[in-house]
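Engineer: Let me begin by handing over the structure; questions about it come next.
Just so it is clear, none of the values below were taken in a lab; they were calculated from the coordinates. A quick note: this is a predicted structure, and the numbers were derived from the prediction, not measured. All Cβ positions, glycine included, derive from the backbone under ideal geometry; neighbour counts span all protein chains shown.
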Amino acid sequence: MLRRLIYANHERQLNRTYRNRLANRGNTAQGVFWRSQTSQIARFDALLSLVHQIAPQKLVTIADIGCGYGAMLAFINKTPAYAQTIYHGVDINRAMIAACHQTFPAENALFTIGNTPPKLVDFCVFSGTFNLTHSDDPDLWMDYIFACLDRCMARARYGLVLNLLCAPKAKIESQIFYADRAAFIRRAEAMIGPTHAQSTKYVSGDVSFVITRKT
Ligand SMILES: C[S@@+](CC[C@H](N)C(=O)[O-])C[C@H]1O[C@@H](n2cnc3c(N)ncnc32)[C@H](O)[C@@H]1O
């Protein structure tokens with residue numbers, strides 16, 4: 001119960017920060033705190049290529065949890081390698097979902113406010129969703145991340161694909177969370193299922209993880 005209140009408080013603070021940032025910087029990579037569009041796209045590419053490598057079938061349904069202003073859908077739409085992706089975007093921030101609705105007026109139904117897919121998908125994908133935090137406690141933040149992942153796994157047929165910044169020891173610095181890669185894998189394997197990690201190509205310090213269902 002106390003944990004739930006703490007998490008709700010974190011999300012309130014996050015919502016305020018992201019709303020202000022979007023208002024100041026607009027629908028741009030910087031509007032969701034990325035350093036550049038290049039690093040934003042490199043992250044999408046790494047996650048989507050993992051999804052398509054491990055999906056047992058060609059057509060794959062994904063939920064982009066923490067979709068921001070919808071940049072992943074724009075990337076999918078212009079990338080032939082990912083044409084077989086059926087996309088749904090989810091974000092806890094209403095301003096982000098309003099921005100998606102504005103950018104994709106004919107596809108409003110593809111975007112939902114929330115923290116879980118509205119229906120069963122093959123994979124949930126998270127890009128940068130857990131990087132910014134108002135907590136100063138890395139253990140608490142890891143608990144929050146796993147509560148989110150666990151909830152999403154209940155709506156994912158095959159698994160979860162996400163990125164995190166990593167450092168030799170878990171830490172929060174300038175409101176950015178850095179995970180301990182090995183500790184994250186251990187916990188994901190214990191709580192959810194087999195986990196694979198690889199450094200994200202072209203993005204220093206970023207790691208892409210795939211967590212699959214236990215068989
Ligand atoms: C760094 S931004 C990345 C946005 C987008 N993935 C991109 O790369 O352009 C993180 C986004 O995740 C959203 N977010 C944070 N925690 C979330 C959660 N638990 N569930 C859903 N969305 C969340 C934020 O509101 C924000 O829009």
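Engineer: Just to confirm a number: summing +1 for Lys and Arg and -1 for Asp and Glu over residues other than residue 193 whose beta-carbon lies under 9 angstrom from that of residue 193, what do you get?
Structural biologist: Working: positive: 213, 214; negative: 189.
Around residue 193, the charge tally is +1.
Engineer: Let me ask you something else. When only Cα pairs under 8 Å and 6 or more residues apart are kept, what is the percent relative contact order across the chain? Don't jump to the answer; show the numbers that get you there.
Structural biologist: Working: 374 pairs, mean separation 39.1, N = 215.
The normalised contact order for the chain reaches 18 percent.
Engineer: Do any cysteines of the chain lack a neighbour Cys whose Cβ is under 4.7 Å away, and which are they?
Structural biologist: For the chain, the answer is 67, 100, 148, 166, because their Cβ atoms have no other cysteine Cβ under 4.7 Å.
Engineer: If you restrict to DSSP beta bridges whose two residues both lie in segment 2-212, what percentage is antiparallel, to the nearest 5?
Structural biologist: If I count the DSSP bridges inside segment 2-212, around 45 percent turn out antiparallel.
Engineer: Next question. Excluding residue 47 itself, calculate the net charge of residues whose Cβ lies under 14 Å from the Cβ of residue 47, where each Lys or Arg counts +1 and each Asp or Glu counts -1.
Structural biologist: With Lys, Arg at +1 and Asp, Glu at -1, the neighbours total -2.
Engineer: Which residues' amide hydrogens lie under 5 Å from the amide hydrogen of residue 64, considering only partners 5 or more residues apart or on another chain, with H built in the peptide plane?
Structural biologist: Answer set, sorted by chain and number: 88, 89, 90, 125.
Engineer: If you don't mind, another one. Where the centre of each part is set by its Cα atoms, how far does segment 128-166 sit from segment 171-187, in angstrom?
Structural biologist: Measuring centre to centre over Cα atoms gives 10 Å.
Engineer: Which pairs break 25 Å Cα to Cα here: 58/214; 78/214; 119/214; 169/201; 119/201; 119/169?
Structural biologist: From the list (58/214; 78/214; 119/214; 169/201; 119/201; 119/169), the Cα-Cα distance tops 25 Å for 78/214; 119/201; 119/169.
Engineer: Compute the distance from the alpha-carbon center of segment 61-92 to that of segment 197-215, in whole Å.
Structural biologist: Using only Cα atoms to place each centre, the spacing works out to 18 Å.
Engineer: Segment 2-212: Rg/Rh from Cα coordinates, Kirkwood Rh?
Structural biologist: 0.93
Engineer: Return the sequence-ordered ³J(HN,Hα) values of segment 16-22 in whole Hz as given by the Karplus equation 6.51 cos²θ - 1.76 cosθ + 1.60 applied to θ = phi - 60°, using x for Gly and Pro.
Structural biologist: Along segment 16-22, the couplings run 5, 4, 5, 4, 5, 4, 4 Hz.
Engineer: On to the next question. About the Cα centre, and with charges only on the beta carbon of Lys, Arg (+1) and Asp, Glu (-1), how big is the dipole of segment 1-148? Nearest 20 debye, please.
Structural biologist: On the way: 13 positive and 10 negative charges, 76 e Å.
Charge dipole, segment 1-148, about its Cα centre: 360 debye, nearest 20.
Engineer: Of the residues 109, 179, 29, which exhibits the maximal mean-square fluctuation in a Gaussian network model of the chain defined by a 10 Å Cα contact cut-off?
Structural biologist: 109
Engineer: Treat the count of other C-beta atoms within 10 Å as a stand-in for reagent exposure and order 28, 200 from fewest to most.
Structural biologist: 28, 200
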